[in-house]
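A.B. asks: Sharing a structure below in structure tokens format, with a few things to ask.
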Amino acid sequence: MDGKQAVAVFGGGCFWCTEAVFERLKGVISVQPGYAGGQTEQPTYESICSGSTGHAEVIRIEFDPAQIAYQDLLTVFFSTHDPTTRNRQGNDVGTQYRSIILTTDEGQKRDAEAFIGELSAQAEPPRRIVTQVEPLGTFYEAEDYHHEYYRRNENQPYCQFVIAPKMEKLASRFAAILKN
């Protein structure tokens, strides 16, 4: 690692799922679940679930761009959730589960918008990508019990039926960029 770190923030449904996916990638230093994209200060899990705070469940990824490119993170992000469903991922429904990229600079914004444009152009049949791209405001770290949820609760039914299949897809599709 060259010591240079960057940050990416993605919301692709339940943060238990997205955290489990991204913490397995080479070059990812840390993944924190949290809340962003809303207007309420110091939101809690209970308050964001009400739909009244405007926040999405997101993950904050610290990564080493010398080991994994932002473009690779975008590829994994769009491959592990459905960016065409508004405010929903599977059985998780509500604005807190929306598909969102919160950018930290103009380069990330350009890259994300270009990536979405390419996905939209390649879709057969054409499907509209509803992923929002917005500048990152304040990131609020989620409560401790949300951290490393999948790793600590792999035998829970939600983890087995929702997260485990994502892990299998990740392993088969992205083996070259997974940590050992």
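The values are calculated or read from the model by the stated rules, or taken from the named source; none is laboratory data. For clarity, every value in this text was computed on a predicted model and none was experimentally measured. Every residue, glycine among them, receives a Cβ derived from its backbone with ideal geometry; neighbour counts consider all protein chains shown. Each accessible area value is taken on the protein alone, full model and side chains, heavy atoms only, with ligands, DNA and RNA left out. Shrake-Rupley method; radii C 1.70, N 1.55, O 1.52, S 1.80 Å.
A.B. asks: Kindly indicate the residue of the range 95-131 that is among the basic types (Lys, Arg), in a loop (DSSP other than H, G, I, E, B) and out of contact with any strand residue (DSSP E or B) (no Cβ under 8 Å at 6 or more places or on another chain) and also surrounded by the fewest Cβ atoms within 10 Å (Cβ to Cβ) among those meeting that condition.
C.D. replies: The first filter runs over the range 95-131 and keeps only residues among the basic types (Lys, Arg), leaving 98, 109-110, 127-128.
Now narrow it down to the ones that are in a loop (DSSP other than H, G, I, E, B): 98, 127-128.
Going one step further and asking which of them are out of contact with any strand residue (DSSP E or B) (no Cβ under 8 Å at 6 or more places or on another chain), we end up with 127-128.
Working: 127: 13, 128: 11.
For the range 95-131, the residue satisfying everything is 128.
A.B. asks: Something else: Among the residues of the range 155-168, write down those that are within 17 Å of residue 15 (Cα to Cα) and either within 19 Å of the chain's Cα centre (by Cα) or of a type in the set (S, T, N, Q) (or both). Lay out the reasoning, then the answer.
C.D. replies: Going through the range 155-168, the residues within 17 Å of residue 15 (Cα to Cα) turn out to be 156-167.
Selection gives 156, 158, 159, 160, 161, 162, 163, 164, 165, 166, 167.
A.B. asks: Continuing with the same structure: Of (1) among the small types (Gly, Ala, Ser); (2) closer than 23 Å to residue 50 by Cα; (3) at pLDDT 95 or above, residue 94 satisfies all except one. Which?
C.D. replies: Every listed condition holds for residue 94 apart from (3).
A.B. asks: Has the range 87-94 got any residue that is part of a helix (DSSP H, G or I) and either under 16 Å from residue 22 (Cβ atoms) or open to solvent by 80 Å² or more (accessible area, probe 1.4 Å) (or both)?
C.D. replies: The initial filter retains those residues of the range 87-94 that are part of a helix (DSSP H, G or I), namely none.
Checked against the condition, which is being part of a helix (DSSP H, G or I) and either under 16 Å from residue 22 (Cβ atoms) or open to solvent by 80 Å² or more (accessible area, probe 1.4 Å) (or both), the range 87-94 yields no hits at all.
A.B. asks: Look at the range 132-180 and say how many of its residues are part of a loop (DSSP other than H, G, I, E, B) and either at pLDDT 90 or above or not polar (S, T, N, Q) (or both).
C.D. replies: Residues of the range 132-180 that are part of a loop (DSSP other than H, G, I, E, B), as a first pass: 136-139, 142-143, 147-148, 153-156, 174, 179-180.
Narrowing the set further to residues that are either at pLDDT 90 or above or not polar (S, T, N, Q) (or both) leaves 136-139, 142-143, 147-148, 153-156, 174, 179.
Matching residues across the range 132-180 total 14.
A.B. asks: Please list, ordered by first then second residue, the pairs with beta carbon atoms under 9 Å, 6 or more apart or interchain, first in the range 144-164 and in contact (Cβ under 8 Å) with a residue 40 or more places away in the chain and within 19 Å of residue 82 (Cα to Cα), second part of a loop (DSSP other than H, G, I, E, B) and open to solvent by 90 Å² or more (accessible area, probe 1.4 Å).
C.D. replies: Hits for this filter: 162/91.
A.B. asks: So which pairs qualify, if the first residue must be in the range 1-30 and farther than 16 Å from residue 75 by Cβ, the second must be β-branched (Val, Ile, Thr) and open to solvent by 30 Å² or more (accessible area, probe 1.4 Å), the Cβ gap must be under 6 Å, and the two must be at least 6 apart or on different chains?
C.D. replies: Partner pairs satisfying both residue conditions: 7/104.
A.B. asks: Going through the range 50-73 one residue at a time, which ones are touching an Asp or Glu at 6+ places or on another chain (Cβ under 7 Å), outside any loop (DSSP other than H, G, I, E, B) and not polar (S, T, N, Q)?
C.D. replies: 59, 70 - these are the residues of the range 50-73 that are touching an Asp or Glu at 6+ places or on another chain (Cβ under 7 Å), outside any loop (DSSP other than H, G, I, E, B) and not polar (S, T, N, Q).
A.B. asks: Here's something else I'd like to know. In the range 167-180, how many are under 18 Å from residue 28 (Cα atoms) and in contact (Cβ under 8 Å) with a residue 40 or more places away in the chain?
C.D. replies: We begin by selecting, within the range 167-180, every residue under 18 Å from residue 28 (Cα atoms); these are 167, 170-171, 173-180.
Among the residues that remain, those that are also in contact (Cβ under 8 Å) with a residue 40 or more places away in the chain are: 167, 170, 173-174, 177-179.
The total comes to 7.
A.B. asks: Counting only residues that are free of Cβ contacts under 8 Å to residues at least 12 places away in the same chain and more than 21 Å from residue 115 (Cβ to Cβ), which one in the range 31-79 is most open to solvent (accessible area, probe 1.4 Å)?
C.D. replies: So, considering only residues that are free of Cβ contacts under 8 Å to residues at least 12 places away in the same chain and more than 21 Å from residue 115 (Cβ to Cβ), the one most open to solvent (accessible area, probe 1.4 Å) is 46.
A.B. asks: Any residue in the range 21-39 that is under 18 Å from residue 170 (Cβ atoms), part of a helix (DSSP H, G or I) and within 16 Å of the chain's Cα centre (by Cα)?
C.D. replies: yes
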